[in-house]
Amino acid sequence: MSDILETIINYKKQEVEKRKKETPMKELESSSSFSRDCFSLSASLRDKNKTGIITEFKRCSPSKGIINENAGVEEVTGNYTEYGASGLSVLTDEHFFKGEDEDLKRARFNKIPILRKDFIIEEYQIIEAKSIGADVILLIAECLEKKGIKQLAALAKGLGMEVLLEMHSEHQLDKILPNVTIAGINNRDLKTFKVDIDRSIQLSEKLPEGMMKIAESGIDNLKNLLKMKQAGFDGFLIGEYFMKQPDPGSAFRDFVQQLNNVEPHGRAAQSNH
């Protein structure tokens, strides 16, 4: 585990303990969002009328610092949805990413799947994710043992949620356990922060047959996206590239238009927008 990831996880353990005391699980389970049916990210990624892109709302990151402090979550996620996003990813980590649960709640008016992007290490956080309106949870293979992944993924499935397991290296492939719906391959090396798309493509070829796979991090141009699409990726999580623009929604719209020009008969071109 990289030093920064270890720091985040250690902090997260303390944060979860504090949250448990402040808001008991029973209280989370009584929220209106807890009883709603989840949208399926897998189904949305297969939808020919959408782009295959999961757009992210992110204000800040430990490696890049402030990305966009001024963007409004309703406006940005609304535009992302309008222009054909297959899903939304919303950062809820407060200490390191300046996100909050309220961001996800405010994005919930969108009728597409929402991934709660956080560092999930305990069952409490999955109950929490469901209670604020998330459809999908992120589990990071780098910071979870197989036993933990099995337990957390089973709970998520039982709540009608999907699980995205993020991997960075080949030795994590054996952590793809039952109830893991989607495999995410992070193009960015957690130790060096260097982006290597070819390494990710090689790793994706070793995934189980039929496993839905998405590429994460470092996708900042159409060429890279098309290369990964050709390699068999079903989806692409893009956050920083759009969020660092003055108007993230317009940046996404322009990107989709470029995609349509390259793939005139592709699924993005069939979108109503």
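All of the numbers you see were taken from the coordinates with simple rules; none came from a lab. Everything numeric in this text was worked out from a predicted model, so none of it was measured. Neighbour counts run over all protein chains shown; Cβ positions are idealised from the backbone, glycine included.
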In the chain, what percentage of the DSSP-assigned beta bridges are antiparallel, given to the nearest 5? 10 percent
Anisotropy class of the chain from Cα gyration tensor, a/c 1.5 cut: rounded
So how far apart, in nm, are the two label points at ASP189 and ASP247 if each is 7 Å from Cα heading toward Cβ? 3.9 nm
Relative contact order for the chain using alpha-carbon pairs under 8 Å, separation at least 6, rounded to a whole percent? 21 percent
Sorting LEU28, SER2, LEU41 by the position of each Cα along the dipole of the stretch 1-85 (Lys, Arg +1; Asp, Glu -1; all at Cβ), the one nearest the positive end of that ordering is SER2
Exceeding the 27 Å Cα-Cα cut-off - candidates LYS13/LYS175; LYS18/LYS194; LYS117/LYS229; LYS64/LYS223; LYS157/LYS206; LYS150/LYS213: LYS18/LYS194
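Determine the sum of side-chain charges near ALA215: Lys and Arg each +1, Asp and Glu each -1, restricted to other residues whose C-beta is under 10 angstrom from that of ALA215.
Once all neighbours under 10 Å are counted, the net charge is +1.
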Which trypsin sites (Lys or Arg not before Pro) in the stretch 200-232 pass both tests, a DSSP loop state and at most 15 other beta-carbon atoms within 10 Å? LYS206
Candidates LEU164, LEU177, LEU88, ranked by Gaussian network fluctuation over the chain, Cα under 10 Å, top entry: LEU177
Extended-chain gain in nm, criterion 0.36 nm per residue less alpha-carbon gap, ALA231 and SER32: 67.6 nm
Taking every DSSP bridge whose two residues both lie in the stretch 112-215, the antiparallel percent to the nearest 5 is 5 percent
Report the longest stretch of the chain that contains none of the chymotrypsin sites (Phe, Trp or Tyr not before Pro) sitting in a DSSP loop with at most 14 other Cβ atoms within 10 Å. 1-108
All other residues with a Cβ under 12 Å from the Cβ of PHE119 taken together, and with Lys, Arg as +1 and Asp, Glu as -1, what is their net charge? -4
Quickly estimate the mean residue ellipticity at 222 nm for the chain, helices only: each DSSP H run with n ≥ 4 gives -39500 (n - 2.57), and the total goes over all residues, rounded to 500. -11000 deg cm²/dmol
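Say a site is exposed when it is one of the GluC sites (Glu not before Pro), sits in a DSSP loop, and has at most 12 other Cβ atoms within 10 Å; what is then the longest site-free stretch of the chain?
For GluC sites (Glu not before Pro) (loop position, at most 12 other Cβ atoms within 10 Å), the longest site-free span of the chain is 70-144.
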Among MET228, MET167, MET211: highest mean-square fluctuation, GNM of the chain, C-alpha pairs under 10 Å: MET211
Let me spell out the model: positive unit charges on the Cβ of Lys and Arg, negative unit charges on the Cβ of Asp and Glu, origin at the Cα centre of the chain. What dipole size does that give, in debye rounded to 20? 360 debye
What distance in nm separates the simple spin-label points at THR23 and GLU123, each placed 7 Å from Cα in the Cβ direction? 1.9 nm
Using only the Cα atoms of the stretch 122-243, build the gyration tensor, take square roots of its eigenvalues as a ≥ b ≥ c, and label the shape rounded, prolate or oblate: rounded if a/c is under 1.5, else prolate if a/b is larger than b/c, else oblate. prolate
Please list, in order, the residues from the stretch 177-209 whose amide nitrogen is less than 16 Å from a point placed 7 Å along the Cα→Cβ vector of ASP3. 190-194
Search the structure for amide H atoms under 5 Å from the amide H of GLU162, placed 1.01 Å from N in the peptide plane, and list their residues when 5 or more places away or on another chain. VAL136, ILE137
Residue by residue, what Karplus-based ³J(HN,Hα) values in Hz, rounded to whole numbers, does the stretch 34-50 have, using 6.51, -1.76 and 1.60 with θ = phi - 60° and x for Gly and Pro? 5, 8, 6, 7, 7, 7, 8, 5, 4, 5, 5, 5, 7, 5, 5, 8, 10
